[in-house]
């Protein structure tokens, strides 16, 4: 199956919505310039109510490893997602398993992936001057397919309920990650979009695996 992550969670209600709809992972943004920024204290309270098999992922941008590790320990994060210009050495210094994000502009953008020994590569769209994560822009999905030999690929950037099935069909990624594509406002999720995105992603994954839905 394809792992589904709903990123940019800022409150308990949206966390519960995503979990009940079938999300495998939730993302929390620890980057103050982002409109989806949440404090460690709030994230701790949200993670406290999550069921045991839902993965909590913290998104950081160019923070030192010591600061990342402190927040991860304090909040109870399961994974860390790095969206800046973090070096391979910094990734290995992080105490949690790392998902390294790369902003994809063209095929040359994939050149650095082999230098990073991380648990997964998250591929997002390159948008000049945009804040890392949550740009709402997409990129050429065939580039994501080219990255798969390097390790597990998580597809992000411009995904919506309308295109996630085709994205999964084309790329067959390890996972998909959505933020703006299921929002009604920055940091606030739209229940219908969340449910639709997850249902369509699950349906596409089942079709890829040749599994017929029950009923």
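The values are calculated or read from the model by the stated rules, or taken from the named source; none is laboratory data. Please read these numbers as outputs of a predicted model, since none were measured by experiment. Methodologically, a virtual Cβ is constructed for each residue, glycine included, from the backbone with ideal geometry; neighbour enumeration extends over all protein chains shown.
Inside the stretch 73-84, residues that are surrounded by fewer than 22 Cβ atoms within 10 Å (Cβ to Cβ) and either modelled with pLDDT under 95 or in contact with a strand residue (DSSP E or B) (Cβ under 9 Å, 6 or more places away or on another chain) (or both) make up a count of 4.
If we scan the stretch 7-14, do we find a residue that is more than 17 Å from the chain's Cα centre (by Cα), modelled with pLDDT of 95 or more and part of a helix (DSSP H, G or I)? The answer is yes, given that some residue of the stretch 7-14 is more than 17 Å from the chain's Cα centre (by Cα), modelled with pLDDT of 95 or more and part of a helix (DSSP H, G or I). Considering the conditions (1) more than 20 Å from residue 174 (Cα to Cα); (2) at pLDDT 95 or above, residue 58 is excluded by exactly one of them, (1). A single member of 58, 27 is touching a strand residue (DSSP E or B) at 6+ places or on another chain (Cβ under 8 Å), assigned to a strand (DSSP E or B) and free of Cβ contacts under 8 Å to residues at least 40 places away in the same chain, and it is 58.
Kindly evaluate residue 67 against the criterion of being in contact (Cβ under 8 Å) with a residue 12 or more places away in the chain and either in a helix (DSSP H, G or I) or surrounded by 22 or more Cβ atoms within 10 Å (Cβ to Cβ) (or both).
Details: in contact (Cβ under 8 Å) with a residue 12 or more places away in the chain: no; either in a helix (DSSP H, G or I) or surrounded by 22 or more Cβ atoms within 10 Å (Cβ to Cβ) (or both): yes.
The answer is no for residue 67.
One residue stands out in the stretch 22-37 among those that are in contact with a helix residue (DSSP H, G or I) (Cβ under 8 Å, 6 or more places away or on another chain) and buried (at least 20 other Cβ atoms within 10 Å of the Cβ): the one that is farthest from residue 161 (Cα to Cα), namely 30. For the stretch 35-52, a residue qualifies if it is out of contact with any strand residue (DSSP E or B) (no Cβ under 7 Å at 6 or more places or on another chain) and either without any contact (Cβ under 8 Å) to a residue 12 or more places away in the chain or closer than 19 Å to residue 74 by Cβ (or both), and the qualifying residues are 39, 40, 41, 42, 44, 45, 46, 48, 49, 52. For residue 104, the conditions (1) over 16 Å from residue 156 (Cβ atoms); (2) modelled with pLDDT under 95; (3) in contact with a strand residue (DSSP E or B) (Cβ under 6 Å, 6 or more places away or on another chain) all hold with the exception of (1).
So, of the residues in the stretch 113-126 that are farther than 27 Å from residue 70 by Cβ and touching a helix residue (DSSP H, G or I) at 6+ places or on another chain (Cβ under 9 Å), which turns out to be surrounded by the most Cβ atoms within 10 Å (Cβ to Cβ)?
Here is the first cut: in the stretch 113-126, the residues farther than 27 Å from residue 70 by Cβ are 113-114, 123, 125-126.
If we keep only those that are touching a helix residue (DSSP H, G or I) at 6+ places or on another chain (Cβ under 9 Å) as well, we get 113-114, 123, 126.
Details: 113: 18, 114: 11, 123: 26, 126: 15.
Per the stated criteria, the residue is 123.
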